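S.K.: First, the structure itself, so that you have it in front of you.
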Amino acid sequence: MIDRHCAGVFPDKPHTVFRAPDGSLVYEEMFTRGGFAGAFSYFYHRYPTTDHLDVFSSSRGWPMPTPSEDRNHPILRRLFNSNAVTPGGAFLDARLPVLTNADVNVLLVRPTKSDEVYFSNGDGDELWFIHEGSAKLESVCGWLSVDAGDYVWVPKGLVHRWHLDGAELRAMVMEFSGGVHIPAQFRNGVGQLVMDAPYTHRDFKRPDGPVHSFNTELQGPHTIVAKVRGRFTESLMVRSPMDVVGWDGFVYPWAFSIERYQAKTGLVHLPPTIHATFAAKGALVCSFVPRVLDFHPNAIPCPYPHTSVDCDEVILYLRGNFTSRRGVGPGAISFHPAGTPHAPHPGAYEASIGHTRSDELAVMMDTDKPLLVTEQAAALEDRGYHDSWKRPVA
């Protein structure tokens with residue numbers, strides 16, 4: 001949740017009579033989080049939200065993460081190639097689970113067609129990172145255009161569908177069971193982003209809409225697929241659910257370009273938490289962007305070897321020269337579980353001395369609970385990655 005936003009038409013006061021020009025009653029829906037104690041939005045529908053013709057178990061959706069029996073022991077540093085994901089299918093069906101724990105599922109997706117049904121994820125918020133391509137997200141809040149380099153937040157339970165621009169899109173999806181939020185230190189007492197936060201309210205793209213109005217014909221499919229407790233249910237509705245003529249609140253999808261992230265630097269190397277971008281239950285998402293490096297005359301800019309005993313680390317490499325790693329390029333995903341030393345590749349620590357700028361672009365996520373590698377990720381793994389730290393024996 002970024003700030004309050006509103007669009008379309010709605011009554012002067014909530015929970016009061018609001019009529020369409022033809023005299024019919026408009027239906028107010030409260031879209032709430034945390035029961036009734038959290039953030040919420042008002043959605044104003046032309047028709048009842050409960051009008052359905054049939055409901056049944058669905059064969060749509062993606063396979064649930066299946067932890068691998070042989071890739072989670074022994075504990076190794078691992079590298080996955082997202083470029084090896086087979087393209088095809090719609091956004092709803094094409095997701096491939098790679099890593100999983102109770103707080104977050106990490107999925108990769110390369111859709112080649114738009115969704116022809118609506119989707120509602122009742123199991124968690126989705127934070128997308130668009131690696132390549134562009135698309136439009138359609139929801140009851142309106143149209144949200146997204147491009148390569150955008151983070152996209154899709155709130156839990158929001159009815160939506162993706163429209164592909166072009167032939168293909170590539171993305172990493174983080175599905176968080178406990179919500180996604182702005183780190184608390186970036187807000188002041190009234191909720192405004194503070195002046196030393198790494199972004200401002202202006203940096204976030206909001207939906208252009210709503211899709212429907214009193215003067216337009218209702219458009220869109222009549223099917224909603226919902227995911228709850230890892231199972232998919234399909235509801236055939238009387239009409240399209242995109243009948244919202246106005247909305248007002250704090251819960252709506254948004255997009256944020258990673259290149260609008262304002263990096264920080266220091267006299268000597270600062271911990272990776274200074275790259276914090278979004279927080280979630282059991283996880284922190286960070287953005288590494290081009291920046292000036294440490295400016296002490298004897299600084300070692302490369303990340304120092306560290307033993308982070310309480311966190312697993314995942315990095316999606318996007319662009320640039322990654323000074324701490326060899327053999328990684330755009331689309332590579334490293335996974336360093338707690339219990340393995342985190343360190344630059346041999347030679348990288350020394351070679352970084354004297355560097356003044358970094359041109360790297362990457363997305364990192366640290367998790368509190370251990371992540372498990374899935375069976376579905378087997379074909380993407382570079383099996384020699386852990387041994388790439390070996391030095392010749394004298």
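Quick note: the coordinates plus some simple rules give every number you see, no bench work behind them. Owing to the predicted nature of the structure, the values given are computational and were not obtained by experimental measurement. Cβ: placed from backbone, ideal geometry, glycine included. Neighbour counts: every protein chain shown.
S.K.: With charges set only on the Cβ (+1 for Lys and Arg, -1 for Asp and Glu), what does the dipole of the chain come to about its Cα centre, in debye to the nearest 20?
M.R.: That gives a dipole near 560 debye.
S.K.: A further question on this structure: List the chymotrypsin sites (Phe, Trp or Tyr not before Pro) within segment 1-84 that fall in a DSSP loop (any state other than H, G, I, E or B) and whose Cβ has at most 11 other Cβ atoms within 10 Å.
M.R.: Taking segment 1-84 and a limit of 11 other Cβ atoms within 10 Å, the loop chymotrypsin sites (Phe, Trp or Tyr not before Pro) found are 36.
S.K.: While we're on this one: For segment 255-363, which chymotrypsin sites (Phe, Trp or Tyr not before Pro) are in a loop by DSSP, counting at most 16 other Cβ atoms within 10 Å?
M.R.: Taking segment 255-363 and a limit of 16 other Cβ atoms within 10 Å, the loop chymotrypsin sites (Phe, Trp or Tyr not before Pro) found are 295.
S.K.: Against the globular-protein guess of 2.2 N^0.38 Å, express the Cα radius of gyration of segment 261-389 as a ratio, rounded to two decimals.
M.R.: For segment 261-389, the normalised Cα radius of gyration comes out at 1.05.
S.K.: Tell me, how many Å apart are the Cα centres for segment 219-256 and for segment 276-346?
M.R.: The two parts, judged by their Cα centres, are 37 Å apart.
S.K.: Skipping prolines and chain starts, which residues have an amide H placed within reach, meaning under 5 Å, of the one on residue 33, given they are 5 or more residues away or on another chain?
M.R.: The list, which skips near neighbours in sequence, is 38, 39.
S.K.: Quick one: the Cα spread of segment 337-380 along its three principal axes, in angstroms, biggest first?
M.R.: Cα spread of segment 337-380 along its principal axes, largest to smallest: 42, 23, 23 Å.
S.K.: Along the charge dipole of the chain, which of 64, 218, 358 sits closest to the positive end, that is, farthest toward it, with unit charges on the beta carbon of Lys, Arg, Asp and Glu (+1, +1, -1, -1)?
M.R.: 358
S.K.: For segment 190-299, which GluC sites (Glu not before Pro) are both in a DSSP coil and crowded by at most 13 other Cβ atoms within 10 Å? Intermediate values should be presented prior to the final figure.
M.R.: Working: sites: 217, 234, 259; in loops: 217.
In loop regions of segment 190-299 (DSSP not H, G, I, E or B), the sparsely surrounded GluC sites (Glu not before Pro) are 217.
S.K.: Of the options 27, 333, 377, report the single residue whose Cα projects farthest towards the positive end of the charge dipole of the chain (beta-carbon charges: Lys, Arg +1; Asp, Glu -1).
M.R.: 333
S.K.: Grab the eigenvalues of the alpha-carbon gyration tensor for segment 165-207, scale each by 5, take roots, and send me the semi-axes largest first in whole angstrom.
M.R.: 28, 16, 9
S.K.: By count of other Cβ within 10 Å, fewest leading, how are 353, 315 ordered?
M.R.: With the fewest neighbours first, 353, 315 line up as 353, 315.
S.K.: Taking Cα pairs under 8 Å and at least six residues apart, what relative contact order does segment 239-315 come out at, in percent?
M.R.: 27 percent
S.K.: How big is D for the chain, in µm² s⁻¹ as a whole number, if Stokes-Einstein is applied with the Kirkwood radius of its Cα pairs at 20 °C and 1.002 mPa s? Don't skip to the end; give the middle numbers.
M.R.: Values: Rh = 22.5 Å.
D, rounded to a whole number, is 95 µm²/s.
S.K.: So if I take the alpha carbon set of segment 1-111, get Rg, then get Rh from the Kirkwood formula, what is the Rg over Rh ratio?
M.R.: Result: Rg/Rh = 1.14.
S.K.: I need the P(r) histogram for segment 132-237: all alpha carbon pairs, bin width 10 Å from 0 out to the longest distance, whole percents.
M.R.: 11, 33, 37, 16, 3
S.K.: Using the Karplus curve 6.51 cos²θ - 1.76 cosθ + 1.60 with θ = phi - 60°, what ³J(HN,Hα) values do you get for each residue of segment 53-61, in whole Hz, with x for Gly and Pro?
M.R.: 9, 7, 9, 7, 5, 10, 8, 6, x
S.K.: Quick one: Karplus J couplings for segment 357-362, per residue in order, coefficients 6.51, -1.76, 1.60, θ = phi - 60°, nearest Hz, x for Gly and Pro?
M.R.: Those phi angles translate into 9, 10, 10, 6, 9, 7 Hz.
S.K.: Exposure proxy check: 206, 391 ranked by fewest other beta carbons within 10 Å?
M.R.: 391, 206
S.K.: Report, in deg cm²/dmol and to the nearest 500, the calculated mean residue ellipticity at 222 nm for the chain, where each DSSP H run with n ≥ 4 adds -39500 (n - 2.57) and the sum is divided by the residue count.
M.R.: That calculation yields 0 deg cm²/dmol at 222 nm.
S.K.: List, in order, the whole-Hz ³J(HN,Hα) value for each residue of segment 194-203 obtained from phi through the Karplus relation with A = 6.51, B = -1.76, C = 1.60 and θ = phi - 60°; use x for Gly and Pro.
M.R.: The phi angles translate into 6, 5, 9, 5, x, 7, 10, 4, 5, 7 Hz.
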